[in-house]
Amino acid sequence: MGECVWGAVLRVVAVQAAWALCWGQVRYSVPEEAKAGTVVGRVAQDLGLEAGEAEARRLRLVPGGRRASVEVSGASGALVVSSRLDREELCGKSAPCALRLEVLLERPLRVFHVELEVTDINDNAPIFPTARKNISIPELSVMGSRFPLEGASDADIGANAQLSYTLSPSEHFSLDIQKSNEPNTEPELVLRRPLDRETMPVHRLLLTASDGGRPSLTGTMELVISVLDVNDNAPQFNQSVYKVQLPENALEGTLVMRVNATDPDEGSNSELTYTVTNFFPPSGRDVISVNEKTGEIRLKGALDFEEVNVFNFRIEARDQGTPSLSGHCKGVLEVLDVNDNAPEVRVTSLSVPVSEDASLGTVVALLSVWDRDSGSNGRVRCWVWPSGPFVLEATLSGSYSLVLRELLDRERVSEYEVEVRAEDGGSPSLGGRVGLRVPVSDVNDNAPSFAQAVYTVLARENNLAGAELARLWARDPDEAGNGRVSYSLWEGALGGGSGSWGSGGSGSVGGVAASSYVSVEAESGVLRALQPLDYEEVQVLQFEVRAVDAGEPSLCGNATVQLFVVDENDNAPALLPAAGGGSEAGSVSGEAGTLWAWASWGSPSGQVVAKIRAVDADSGYNAWLRYELWEPRGKSALFRVGLYSGEVSTARALEEADGPRQRLVIVVRDHGEPARSATATLSVSLVEGGEAALAAAAGSSSLLPRSLAGGESGSGPAAAAAAATNVWLVVAICGVSSLFLLAVVLYGASRWAPRAAVLSGPGPTTLVCASEVGSWSYSQRHSRSLCVADGAAKSDLMVFSPNFPPPPGAAAKDTQPEPPALLDTVSDNPLLLSTYSLLPLPLLSRPLGQPCWAPGSAPLACGSGCFTGA
């Protein structure tokens, strides 16, 4: 390169020299960018100056308007480069680039014109206006489309400024150079292949400009070609089918799915909106909603698996281009079953009431059971609660029969309240139920039943005709006509005062039946007296009361009624004649009602001189007699009488001074309310001791005829005969008494043997009798005691405890009360003896009639003649 530069310099110098010779003006040429100190030309020599003359004559350059890049060396007179020469700076694009310089000689003053030409070198590369050029081309531009480009510029001139262009390789673009009259050319970008923004949205090319210098310099510019979008792509979903499952109890607002569509376009061409269409079933539009911006699909309504278990719909994504394009996909929402439905139980048929004699296996009801859930949530098991006489039997799927598995008894349970319960197999399980009311219809399978097999009724004698004696009530647990009871009286046995019973159950004494005394009201069961009762005539009435229901066939039940007549004090005591009968045995003689007795003088205190005997037709306290001495009274009285024995005894030893005769007034009084009494007058004659012994040997007892008391006794033989007769009489009496005592002992032994009680009840038997010393004794034993008094024979006395009504709660519960006060319990206290009857022992020992039907036994029809009276 240095050789080339120097060759050029020599050529310039030669040219300048020739020019100076021809024109008288010095011309020099120097290439730009010459180094400082480079000699451009020898001005002094070319101006004809001698060596050294230039310094002496002070050769120099006259400064011009612009900064000079050359100067004249004072010593050598040469024109040298003093600073960098830049042709483009000095002349720009002008050619040639000549600098006019003035050289001044001061001695003498002379001016020379020197022309300095700065020649161009290729020191400037082509330059584009910008380093990067952005070009926008629509992607749908047609092939062959041209896009002008701005060319580069080169500060050099000539060949150094002649540019050529090249384009980096591209399959879509090429470069075309347009020639023109101007020295510069303009490149054009030509589209050779269709653009696709979605494939390559930006194309980067490099445009290179090369000048004609040697060596050639280049400049580049980057072409950034942006492909402008056109809405030529429809939105595309990343899935063709979106499928999701949700439980039916999902809450509103639950995210179902999030769909996503893409559009390779840009700008508004890629802005998408989502919509949901084509619901099947159409109700899905009320259940599902979509966010049109985000594509989120959420629940806006409740799901119900039992109504719709699958929702199908279409999802559309549409861009905002012109015209807009859309894409589609399919959405499937499967609803999962949740155990949210309890089993439903429905009665399809109910056959009630059920007869209590219905056979096993009778179908009472038909039921249907179903559960709207599916799978294990819809599997149902059923049962009956509470467990009782009914059971469920499956017939078809979801159908059941309520069947009788146990026999019914309306009297035990008249109505059943049952529930048919169902439970599914879900977790947690749900249940359903339906209540059934099953009434049991009545069948006449129960006979009327009295609370007691034997009723004991106490009735006071002298009662009013028509008075209520008792109320009998028979319970029949059946209902309506089957339980409507009517009462009637059946003849039983009648006990009279003589202690005899009617034979064979005729229930009569002396031809009088029990129905003559009492009656039973058919509807109410009230026992009434038909006539006043007399204890002295009748002590006990025993009869049967029958209760018959109105069923078909009718059933009956019997009860035995023992009516005991309670004694009233309606009889006064009556005095008895002397034992043995006859006038010589103490018969009344002389004044009416006066008895005679004797006593010997000198008898000690306590000597029994007589015994007053009396009897009372009443019983108990009303017949319990007491004896009182009315006259004479006081401490001066010679005699006293036993309070209960009636024995008249001496109060002190008798003396002759007491007189030959004493008159005593004795009152016999019973214990009734009010008490009744009788008065006896006893005349006691005081005789010698021998007469008293004779009277005792004659067995005249203590009561003598008035003739003996007055000393009018017969002759001696007659008296002896009378005495002998009395002796044999005493012996006979003693023998009979012994036999009687033996019979009593044997009877008592038989009564001690175990046997069924005649009268049932909680109270023990109480016995009352009079002792020889006049005091009462009580026995709580169940044996019979015989009380023998000196006097006329009287029925054996026994205090009994009648049958009691059952205590509260012992009998079957019923709202109808038992018979009232006349069936009361009688205390075994002896002081209440007046409320009891004094019954003959044979009467008490007679067995009672049994009822027709007893609880627990099979009932008999009323027409079967079930009466078993005594």
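The values are calculated or read from the model by the stated rules, or taken from the named source; none is laboratory data. Given the structure is predicted, the values throughout are model-derived calculations rather than measurements. Reconstructed Cβ throughout: ideal geometry from the backbone, glycine too, with neighbour counts over all protein chains shown.
Key figures for this structure:
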| item | result |
| --- | --- |
| Odd one out for Arg633 among (1) in a loop (DSSP other than H, G, I, E, B); (2) touching a residue at least 40 places away in the same chain (Cβ under 8 Å) | (2) |
| Filter result (crowded, with 17+ Cβ neighbours inside 10 Å and part of a loop (DSSP other than H, G, I, E, B)) within region 379-397 | Pro389 |
| Residue that is small (Gly, Ala, Ser), out of contact with any Phe, Trp or Tyr (no Cβ under 9 Å at 6 or more places or on another chain), part of a loop (DSSP other than H, G, I, E, B) and not assigned by TED's automatic domain parsing to the domain that holds Glu307, where the choices are Ser376, Ser401, Ser429 | Ser429 |
| Residue count for region 288-311, restricted to those that are in contact with a helix residue (DSSP H, G or I) (Cβ under 8 Å, 6 or more places away or on another chain) and in a strand (DSSP E or B) | 1 |
| For Arg421: the one exception among (1) in a strand (DSSP E or B); (2) out of contact with any strand residue (DSSP E or B) (no Cβ under 9 Å at 6 or more places or on another chain) | (2) |
| Of the criteria (1) of a type outside the set (Val, Ile, Thr); (2) outside the structural domain of Glu356 (by TED's automatic domain parsing); (3) touching an Asp or Glu at 6+ places or on another chain (Cβ under 9 Å), which one Glu411 fails | (2) |
| Region 108-129, subset in contact with a helix residue (DSSP H, G or I) (Cβ under 7 Å, 6 or more places away or on another chain) and outside any strand (DSSP E or B), residue farthest from Glu50 (Cα to Cα) | Asn124 |
| Region 48-58, residues that are over 8 Å from Gly77 (Cα atoms) and either crowded, with 19+ Cβ neighbours inside 10 Å or among the acidic types (Asp, Glu) (or both) | Glu50, Glu53, Arg57 |
| Boolean, Phe390 is out of contact with any Ser or Thr (no Cβ under 8 Å at 6 or more places or on another chain) and under 28 Å from Arg528 (Cα atoms) | no |
| Subset of region 500-528 (residues that are in a loop (DSSP other than H, G, I, E, B) and at pLDDT below 70) | Ser500, Gly502, Ser506, Gly507, Gly510, Gly511 |
| Positions within region 300-326 being buried (at least 19 other Cβ atoms within 10 Å of the Cβ) and either in contact with a Pro (Cβ under 6 Å, 6 or more places away or on another chain) or among the acidic types (Asp, Glu) (or both), in sequence order | Glu316, Ala317, Asp319 |
| Residues located in region 529-568, provided they are under 19 Å from Ala467 (Cβ atoms) and among the polar types (S, T, N, Q) | Gln531, Gln539, Gln562 |
| Those residues of region 529-567 which are among the acidic types (Asp, Glu), surrounded by 20 or more Cβ atoms within 10 Å (Cβ to Cβ) and more than 12 Å from Leu458 (Cβ to Cβ), in sequence order | Glu544, Asp549 |
| From Leu175, Leu207, residue being within 30 Å of Glu89 (Cα to Cα) and either modelled with pLDDT of 90 or more or crowded, with 16+ Cβ neighbours inside 10 Å (or both) | Leu207 |
| Qualifying residue in region 398-408 (condition: more than 30 Å from Gly481 (Cβ to Cβ), at pLDDT below 90 and surrounded by fewer than 18 Cβ atoms within 10 Å (Cβ to Cβ)) | yes |
| Residue in region 312-354 that is modelled with the lowest pLDDT, counting only those that are of a type in the set (Val, Ile, Thr) and in a loop (DSSP other than H, G, I, E, B) | Thr322 |
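Listed here are the residues, each with its yes/no results for (1) surrounded by fewer than 17 Cβ atoms within 10 Å (Cβ to Cβ); (2) part of a loop (DSSP other than H, G, I, E, B).
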site: Ser645; (1), (2): no, yes
site: Ser649; (1), (2): no, no
site: Ala653; (1), (2): yes, yes
site: Gln662; (1), (2): no, no
site: Val668; (1), (2): no, no
site: Gly672; (1), (2): no, yes
site: Ala675; (1), (2): yes, yes
site: Thr679; (1), (2): yes, no
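Per-residue answers, yes or no, for (1) touching a residue at least 12 places away in the same chain (Cβ under 8 Å); (2) within 18 Å of His328 (Cβ to Cβ); (3) in a loop (DSSP other than H, G, I, E, B):
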residue	(1), (2), (3)
Gly212	yes, no, yes
Ser216	yes, no, yes
Met221	yes, no, no
Val230	yes, no, yes
Ala234	yes, yes, yes
Gln245	yes, no, no
Leu251	yes, no, yes
Val256	yes, yes, no
